[in-house]
Amino acid sequence: MKELFDYIRKFGVLTEEEEGLIADGVREIGIQRGEVFVEAGRISQNIAFVKEGVFRSLYYNKQGDDFTRYFIYEGRFIGDFQGFVNQTPSNEYIEAITEGTLLVIDFDHFKTLESEIAIWQVLIAKLHAFVAENKLKVASTMLNLDAKSRYLHFLNHYPGLANRVPQAMLASYLGITPSSFSRIRKNIV
């Protein structure tokens, strides 16, 4: 639970009582590799903080091929935040790449926190803006780089993550075919 509060404190200060209120409604769950946490077309009833594990956001094209949008790992929130808050269907899937542990907050508890903690909405808005800004920065950077540079950028900005993610998923995230990715890796090593 300490990791969760350390993360939340980046966006605002909570009293011990407010932290207790949050903790009262947080459930720790284990999740298996391949398990889906968010399903496209469904309304998310939970968001979570990743205590352990690696996840990916993905979508499927009309042919049924999956494409990795981004990865989520320890020390970050996971879920379709907009869909969760507005109770609208998600447009993405989020699945576990590894076994993991999540600290889960359900929608009812989230609404309770909104009414009980004065700065909750401000905290959440700051957190959401931070996440959105980071996603935009990464997407903008990736658009301006060639395939090899995208891979090197990934290695520099997410050290150790490449070893925890299947190569096909990493190739998908980088926007290249698995065979091109294999060639790039060979030339770098």
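No lab work stands behind these numbers, since they all come straight from the coordinates. Nothing here was measured: the structure is a model prediction, and the numbers come from that model. Cβ coordinates were reconstructed from backbone atoms using ideal geometry, including for glycine residues, and neighbour counts include every protein chain displayed.
Some points to look at:
- Its alpha carbons give region 95-189 an Rg and a Dmax of 18.2, 56 Å.
- Within straight-line reach of Lys135, meaning a Cα separation under 21 Å, sit the following lysines at least 8 residues removed in sequence or on another chain: Lys10, Lys51, Lys126, Lys148.
- Region 46-79 versus region 129-189: alpha-carbon centroid distance in Å: 15
- Longest DSSP-loop-exposure-free segment, trypsin sites (Lys or Arg not before Pro), the chain, at most 15 other Cβ within 10 Å: 77-163
- Between Glu28 and Lys111, the distance separating the two model label sites (each 7 Å from Cα on the Cα→Cβ line) works out to 2.9 nm.
- Translational diffusion of region 2-118, estimated by Stokes-Einstein from the Kirkwood radius over alpha carbon pairs at 4 °C in a medium of 1.567 mPa s, is 87 µm² per second.
- Considering helices alone, the calculated mean residue ellipticity of the chain at 222 nm is -13500 deg cm²/dmol, with DSSP H runs of length four and up weighted by -39500 (n - 2.57) and normalised per residue.
- Stretched out straight at 0.36 nm per residue, the stretch from Val122 to Phe5 would grow longer than its current Cα-Cα span by 40.6 nm.
- Top positive-direction residue, dipole computed over the chain with Cβ charges, set Phe154, Tyr73, His109: Phe154
- Once the Cα-Cα distance is subtracted from the 0.36 nm per residue extended length, the Asn187 to Gln82 segment shows a gain of 33.8 nm.
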